[in-house]
Amino acid sequence: MKPSRHCLMRLTGLLLTSLAAWYLGFFIAAQVLQTTISNAEFQGIRKKPVLRAPVPKRQKCDHWSPCPPGNYAYRILSGGGKGKMAKICFEDELLISEGNGNVGRGINIATVNYKTGKVTSTKFFDMWTGDHSGEMMSFIRNAQEGTLLLMATHDDGSTLLKNDAKKLVEELGSKEIMNIKFRSSWVFIAAKGFKLPDDIQKEKINHSDRKTNRYNGWPAEIQIEGCIPRNLI
């Protein structure tokens with residue numbers, strides 16, 4: 001028995017509908033896959049690390065650039081106002097600081113053995129009360145030949161500093177000690193028994209001035225830093 005024309009049309013329509021449904025499903029699946037890949041690529045782009053400049057490596061005594069091989073690093077910072085105490089750093093070791101408990105009003109001095117680079121003594125001399133000018137002279141005179149002397153003021157280092165003590169510091173190479181005034185910020189590095197290079201920072205001074213003082217009654221702190229060759233003696 002032959003199928004009727006009506007049945008053939010229904011069968012043809014069913015086949016065409018199935019084919020259209022399959023094609024539509026395939027098209028939708030392809031679009032979903034493409035969208036998923038695109039989103040994944042976008043997410044990957046978003047997750048790529050942001051390039052940042054490397055953090056600068058910390059140098060000895062917080063220098064901006066390292067000292068050449070065969071050199072000592074130093075940094076001397078005066079006090080600032082009442083709250084910021086003086087600091088003396090040598091070869092990345094804080095010789096004098098508030099944290100060490102060995103800094104005070106007046107003139108702070110650290111001595112270093114030049115050959116070994118090791119601190120030999122630290123002391124501060126109050127120049128506001130008491131007679132400590134002579135003590136400071138004895139401290140400097142007792143330093144051995146071949147010694148580095150690093151000095152920094154905190155608060156006032158001048159009121160009771162006598163002229164003979166100033167002359168002794170001047171003999172070490174200071175060009176500003178005779179000019180020191182009430183609450184002047186002053187830093188200085190000297191060598192006993194040998195000569196430091198001419199091209200390094202050795203001394204700075206900043207005088208109190210009501211018009212320009214950073215702190216109430218005190219000038220801004222100042223600092224010197226540099227590198228000292230180890231083959232000077």
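Just a few scattered comments:
- Residues that are touching a helix residue (DSSP H, G or I) at 6+ places or on another chain (Cβ under 9 Å) and hydrophobic (A, V, I, L, M, F, W, C) were ranked within segment 138-153; the one that is farthest from E176 (Cα to Cα) is I140.
- Positions within segment 174-202 being open to solvent by 40 Å² or more (accessible area, probe 1.4 Å) and in contact with a Lys or Arg (Cβ under 7 Å, 6 or more places away or on another chain), in sequence order: M178
- Segment 189-208 residues that are not assigned by the TED database to the domain that holds M151, paired with ones that are small (G, A, S) and part of a strand (DSSP E or B) (beta carbon under 7 Å, 6 or more apart): none
The values are calculated or read from the model by the stated rules, or taken from the named source; none is laboratory data. Since this is a predicted model, take the numbers as computed values, not measurements. We place every Cβ from the backbone using ideal geometry, glycine too, and count neighbours over all the protein chains shown. For accessibility, only protein heavy atoms count, side chains too; no ligands or nucleic acids. Shrake-Rupley method; radii C 1.70, N 1.55, O 1.52, S 1.80 Å.
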